[in-house]
Structure formats: structure tokens, C-alpha cells
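K.L.:
First the structure, then my questions, so here it is.
Any read-out appearing in this document is the output of simple, stated calculations on the displayed coordinates, not a laboratory observation. Predicted model only: the values in this text are computed from it and were never measured. We place every Cβ from the backbone using ideal geometry, glycine too, and count neighbours over all the protein chains shown.
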Amino acid sequence: MTDFWCEHAWLGGEEAYAGVVIGVEGERIVTVRVGVEEAPEGAVLLSGLTIPGLANAHSHAFQRAFRGKTEVGRGTFWTWREQMYAAAARLDPDNYFALARATFGEMALAGVTGVGEFHYVHHAPDGTLYADPNAMGAAVIAAAAEVGIRITLIDACYLHGGIGEDLSAGQRRFSDGTAERWVERVDALVDDASRRADSGSSRSASTTGSTVRIGAAIHSARAVAPEEMAVVAGWANEREVPLHAHVSEQPAENEACLAAYGRTPTVLLGEAGALGERFTAIHVTHPTDVDRDLLGGAGATVCLCPTTERNLADGIGPASELRRAGARLAVGSDSQAVIDLFEEARAIELDERLARLERGNQDAAALLEAATANGQRAIGWPEAGAIERGRLADFVNLAVDGVRLAGIAPETAAASLVFAATAADVTNVIVGGKFIVRDGAHVSIDVAAELRSSIGEIGGA
Ligand SMILES: [Zn+2]
């Protein structure tokens, strides 16, 4: 057993406790002791403040390639989407592996111990299958494994260019043609992943191993028709795995959906059997009152991605109303314009202050829970996300002697973290009891150098 002695640790609530010893056996926490003033002999010392591993519940790793390059000129979500397609067109399994490895490396440095990778770049640019139809997904899984973070590959079904519209040239590689062929490919992904792990391939990925799981996604009501939604939802429900969907990110999406079906995307998803406790709706920036109550009543998670939503001029989602209706909140870096889950968590509250002209809509502990336990649960790792006996030994240690956090008090630790910490304050990251980031650096990867080289190869938007 290894003991980690934390100078302070956040165990939930508003405050942090002094002298917390986390006993780890294998990859699990077996004991948590509070008020241990001196580190036990042989313990690993974690100064500063330690919190559970952060969950990035919504990510598209490849979008890291055009950070900072899509900020010129006027436009909307829809013009940005064309730039995104241009970058996606240049991906292949080799360069995506390198880019995803670097991007997940950046996440690790930011304290992310689990990522929900919403994956839809499946096939060659013209839509033909690679020799291995899951070559792209396998590359992404292998990238996370090499970085050492947990991944749920949330494989997205994406079949149409818009409601009743053919796929555009840039969208062809996202589609399996039919929902049934999506099922066949994802079934094969589950099987292939186990086989790759057994064969010891360098791009090993295992669904039975300790760091990889597979989930499902309905890309959106734009890209998947109601009868196709039901096929994907059925697959996820049968296997009891996470099911995600982009929901009401843009008013135009709602309008198109209402015009075609007389229903909002959330109502359609409900009729398709998608809603429930394993369901996560991404964004939900423009829900109706009925949508809000449906999501809340189902006990679904709503994953907000505020740094992306502000970047893409999506709007401000009604976070506290969704929460009051019964939805859990989680956060994601989505477009990778920013990889900093503290920033995502505080933006939920700060954006809502701007919209409502009122402070204190969400308390800090709830926001930190969104970035930890709720997010881990949403991506299918309910045993992560808290420093408790029996949980996975995934935790993140922040320095509090730097300029941003110097002077914080244990009594208001959650608020200090949410409203003042940044990814740059993360010093050590432990996954399954092992360091993947130590003293501010990844243990085996030069992340900045790999970002530079992998993005250089793919080019920007
Ligand atoms: Zn997204």
C-alpha cells in the first residue's frame, strides 16, 4: 500500500481539510484519514491542495489544431464549422494519433484524469472505410493510453448533413451510411480493442483494461433522424454505457427541428428512448421549458462547455434552472480553444451572472463537483471523481504558493479553486495511484513540443 499525505485536500463541500492521508492499493483508494499532522513514514508528500481527478466530459481532440487560428474576421458557429471541416479533412490515423497524444497530454497537465472523447471523424476523407474501419478511434484510444489518462471513446453516429440534407464533402468521412452500419462498426470496435490489447500492438487499446471504455453518441438532431436515434439509443441502453448528444447549441438547430418534426431535439431524443441517467446532453444553450423539465426529470447530465460556447457565439445556457429541474451539470473543453476545467466551472456561474444580473447562482462546491464526480459519472467512470474509500485513486494536486492562489484559506477552498485557480496551478496528477504528471511536467511526454510538431503537420484551419 502507498500512502499519499496531502497538506490539504478537498473532500467535498466548501472547505479543505489539513493533513489528509490517502491510502492506495493497486489503483483504488482503500483508506482516507483526516487531521494527520505529520506525514507517515514512507508517504508520498503532496504539498498545497489535492482534489479528485477532473473529468473533461466533452472533447473533440482534433480541434486543438486550430486554436487561435479561427479568431480572425466576423462569423458565427456556422462559419466556424466550415473551418473545422477543413482541419478535419487533413486527419489520418497516424497524424491524428500524434495530435490526440499531444492534446491529451495538455489535458493531463491541466489535471484531467478522464476524458469523454466525442468521436466522429471515422473514415477516409471521401467516406471510404480504412482497412480497419475503426483505425481513427483506435488511434485516439491509444493516444490516451500513452498519456495515461482514462478515456471513454464516445463513438458518434453521424449520418446527415442537416435535417433532410445530404452530407457535404467535408462531412462524408463522419458517416457510416446507416445506423445499422454504425452498430456493426462500434460492435467491432469493442471487439477489436480487446484484441489489440491481447496482441501487444503498440497502439494497444482495451475495453476490458483499466483505462478505456466505449460509449455512444447521437451526434445531433441535425445529423441523425428520429428512427436512427432509436437504434443508437437501443445499442447504448442494451450495453448500459453512456449516451451523449449535442443538444440545442444554436437557435437554428431548434428551428429546423421544429419545422421538420414539430418537436425540439430534446423531445425527439426522449421519444427515441435516449433520455435517462446515462444520458448527457451537450450544451443545452437554448432549451424550452419542456426540454429543461424532460432532462431534469430523467436525471440526465447537462455538459456545459462555456469557453467554447462563448467562442462560437452560441449563447449562455440556463445552468441553474437546469440544475433546479434535476439535471446534473458537467463541463467539457469541447473545441479546445481553452483546456482548463477551472475556467469552465467558473464560467458557468460568471456567465450566468452577466445574463441574470445576479451573483451566487451556483455554489462553488457544486461547480467543483461538476468538474469532478459529475463529469466522471457522465463519461461512465462513476467510481472516479471523489477522494473516498473504494474509489479509483485518481487525484490532482495544485500548488497554492504561486501568485494566483497564495493567501487562500482552507475554509473557502472550493471557492478559491473555482474562482481563482487555473490549469497552470496543477503540479501533480495521479491516475490509478501512479504519477502521470510530476512537478508540473508529464512523466514521459514533452507536451508542448508534441503539440508544436503534430499541429505543424496538420496545419491550422
Ligand atoms: Zn462538441
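K.L.:
Under the rule of at least 5 residues apart or a separate chain, name every residue whose amide H is placed under 5 Å from the amide H of Arg222.
P.N.:
none
K.L.:
Roughly how far apart, in whole Å, are the Cα centres of the stretch 242-301 and the stretch 362-394?
P.N.:
The two parts, judged by their Cα centres, are 24 Å apart.
K.L.:
Compute the FRET efficiency between Leu354 and Glu15 as 1/(1 + (r/R0)^6), taking r as their Cβ-Cβ distance and R0 = 22 Å, and round to the nearest 0.05.
P.N.:
So the FRET efficiency works out to roughly 0.20.
K.L.:
Of the GluC sites (Glu not before Pro) in the stretch 271-360, which ones lie in a loop per DSSP and count no more than 16 other C-beta atoms within 10 Å?
P.N.:
Loop-located and lightly packed - Glu277, Glu358.
K.L.:
OK, next. For the stretch 326-376, which trypsin sites (Lys or Arg not before Pro) are both in a DSSP coil and crowded by at most 16 other Cβ atoms within 10 Å?
P.N.:
In loop regions of the stretch 326-376 (DSSP not H, G, I, E or B), the sparsely surrounded trypsin sites (Lys or Arg not before Pro) are Arg359.
K.L.:
May I ask you to work out the translational diffusion coefficient for the chain at 25 °C, viscosity 0.890 mPa s, via Stokes-Einstein with Rh from the Kirkwood sum over Cα pairs, reported in whole µm²/s?
P.N.:
Answer, rounded: 111 µm²/s.
K.L.:
Using the Cβ atoms and a cut-off under 10 Å, what net charge is assigned to the surroundings of Ala365, where Lys and Arg are +1 and Asp and Glu are -1?
P.N.:
Spelling it out: positives minus negatives among the neighbours equals -4.
K.L.:
Summing -39500 (n - 2.57) over the DSSP H runs of n ≥ 4 in the chain and dividing by its residue number, what mean residue ellipticity at 222 nm do you reach, to the nearest 500 deg cm²/dmol?
P.N.:
The helix contribution divided over the chain gives -10500 deg cm²/dmol.
K.L.:
Could you give the length gained on full extension between Glu277 and Arg404, defined as 0.36 nm per residue of separation minus the Cα-Cα distance, in nm?
P.N.:
Here the answer is 42.0 nm.
K.L.:
R0 = 51 Å: FRET efficiency of Arg74 with Glu25, Cβ-based, nearest 0.05?
P.N.:
The formula returns an efficiency of 0.35 here.
K.L.:
Measuring from label point to label point, each 7 Å out along Cα→Cβ, what is the Arg181 to Glu41 span in nm?
P.N.:
6.6
K.L.:
Still on this structure: Suppose every Lys and Arg Cβ carries +1 and every Asp and Glu Cβ carries -1, with no other charges. What dipole size does the chain come out with about its Cα centre, to the nearest 20 debye?
P.N.:
400
K.L.:
Could you order the peptides 433-439, 257-263 from most to least packed, using the average number of other C-beta atoms within 10 Å per residue?
P.N.:
433-439, 257-263
K.L.:
How tilted is helix 226-239 with respect to the longest principal axis of the chain? Cα atoms for both, answer in degrees (0 to 90, nearest 10).
P.N.:
So the inclination is approximately 40 degrees.
K.L.:
Looking only at the chain, where both bridge partners belong to it, what percent of the DSSP beta bridges are antiparallel (to the nearest 5)?
P.N.:
Percent antiparallel among DSSP bridges in the chain is about 40.
K.L.:
For the peptides 331-337, 294-300, what is the packing order when you average, over each peptide's residues, the other Cβ atoms within 10 Å and list the highest mean first?
P.N.:
Descending mean neighbour count gives 331-337, 294-300.
K.L.:
With r as the distance between the Cβ atoms of Glu165 and Arg90 and R0 = 35 Å, compute the FRET efficiency 1/(1 + (r/R0)^6) and round to 0.05.
P.N.:
0.90
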